[in-house]
Amino acid sequence: MIDLAEFAAAVGDADAGPVTITGLGTRGGPVPGVRCVGAPAGIAWLQPDEMTVCCGAGTPVDELVAALAEHRQTVALPAGGTVGGALSVGRADVRQLGWGPVRDTLLQARYVSAAGEVVKAGGPTVKNVSGFDVCRLLVGSRGTLGFLGEVILRTRPLARASQWYRTSAEPAVVQRGLYRPVSLLWDGTMVWALLEGHPEDLAAQAASLGMEPCDGPPTLPTGSRRVLPPAEAMASTGTFVVELGVGVVHHADQWTSPTRDAREAALAEAVRREMDPTGRLNPVLPVHG
Ligand SMILES: Cc1cc2nc3c(=O)[nH]c(=O)nc-3n(C[C@H](O)[C@H](O)[C@H](O)COP(=O)(O)OP(=O)(O)OC[C@H]3O[C@@H](n4cnc5c(N)ncnc54)[C@H](O)[C@@H]3O)c2cc1C
């Protein structure tokens, strides 16, 4: 277990005023003018047989992935930042179709609340049905409900082989023809598929659909990211990449419409008021923004 006393003291109690937290600052770093803290880093324990790992939320995802690879396991978090940053943003990368949403990765969190207390949420077992599932609230809340200090994550087996393929075939044909692809991307012309498993199975599946191996996925447009119903996603125009089966559309254009409806926003604000009545944690951010 990681000692969170120093981290909790740095966050301070309700009288300590506004405070923000940063990981590796992948998307901009600390909020200007607000006191900033960082979560502890380091792997506390790794239990390959239980497929769980416990680490400080400040641990870089790449470091965790390297440590897990020695046990032929990995974790479903986007690479590049810290574990805490990835969880608090809550956005999966293009492997969400096969690897599931980021929230499913977090089994237990010990976080520092707005009152400056260390709170434990969830538990390191998959069958964990008692009480409120606060872990699911924390994922995607961008540090507005609590600052993650230590987390227990579900790991997953590392596939024997992993390969991207592409084809100009119809997306529906590719979707039907592949067994549990990890990712399926479509830009209106080409389909890219990430397959994982036994090398011979991957090659046979790809050959049956006339797919060519390629180095990786296409570059994702960065103008906007929306989650749309399948029919709307498939009706995209302009420069886009759709994550098939997930509904995420990466578009070159900025998205100007509201990203969530008023009821959803009111509920998110009510939860925030309950967990952080003075709005001191990451004060400039909307919840689930
Ligand atoms: C607005 C936004 C959009 C993103 N979109 C995508 C995307 O579409 N696809 C994708 O793969 N990745 C996306 N990311 C994820 C991002 O690139 C990293 O996975 C993530 O930010 C982790 O990197 P970091 O450690 O540098 O976190 P930072 O960039 O330092 O922090 C990210 C956010 O997490 C909060 N945070 C950091 N540590 C903690 C902690 N211990 N407890 C609580 N909150 C914490 C920060 O206050 C900040 O709000 C997005 C990130 C942001 C902020």
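The values are calculated or read from the model by the stated rules, or taken from the named source; none is laboratory data. Please read all numbers here as calculations on a predicted model, not as lab measurements. Here Cβ is always computed from backbone atoms with ideal geometry, including for glycine, and neighbour counts include all displayed protein chains.
Rundown of residues vs (1) modelled with pLDDT of 95 or more; (2) over 16 Å from Leu97 (Cα atoms), yes/no style:
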residue	(1), (2)
Ser224	no, yes
Val227	no, no
Ala231	no, yes
Val241	yes, no
Val249	yes, no
Asp253	no, yes
Pro258	no, yes
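Looking at the structure I just gave you, is Gly100 surrounded by fewer than 21 Cβ atoms within 10 Å (Cβ to Cβ), touching a residue at least 24 places away in the same chain (Cβ under 8 Å), within 16 Å of the ligand (Cβ to nearest atom) and over 19 Å from Pro30 (Cα atoms)?
Numbers: surrounded by fewer than 21 Cβ atoms within 10 Å (Cβ to Cβ): yes; touching a residue at least 24 places away in the same chain (Cβ under 8 Å): yes; within 16 Å of the ligand (Cβ to nearest atom): yes; over 19 Å from Pro30 (Cα atoms): yes.
Spelling it out, Gly100 is indeed surrounded by fewer than 21 Cβ atoms within 10 Å (Cβ to Cβ), touching a residue at least 24 places away in the same chain (Cβ under 8 Å), within 16 Å of the ligand (Cβ to nearest atom) and over 19 Å from Pro30 (Cα atoms).
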Residues in segment 50-94 that are over 27 Å from Leu244 (Cα atoms) and in a loop (DSSP other than H, G, I, E, B) total 8
What single numbered condition from (1) outside any strand (DSSP E or B); (2) surrounded by 22 or more Cβ atoms within 10 Å (Cβ to Cβ); (3) at pLDDT 95 or above fails to hold for Gly149?
(1)
Does segment 107-129 include one or more residues that are in contact with a helix residue (DSSP H, G or I) (Cβ under 6 Å, 6 or more places away or on another chain) and free of Cβ contacts under 8 Å to residues at least 24 places away in the same chain?
yes
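For every residue, the table says whether it meets (1) touching a strand residue (DSSP E or B) at 6+ places or on another chain (Cβ under 7 Å); (2) of a type in the set (Asp, Glu); (3) surrounded by fewer than 18 Cβ atoms within 10 Å (Cβ to Cβ).
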residue	(1), (2), (3)
Val19	yes, no, no
Thr22	yes, no, no
Pro30	yes, no, yes
Pro40	yes, no, no
Ala44	yes, no, yes
Glu50	no, yes, yes
Val53	yes, no, no
Val61	yes, no, no
Ala67	yes, no, yes
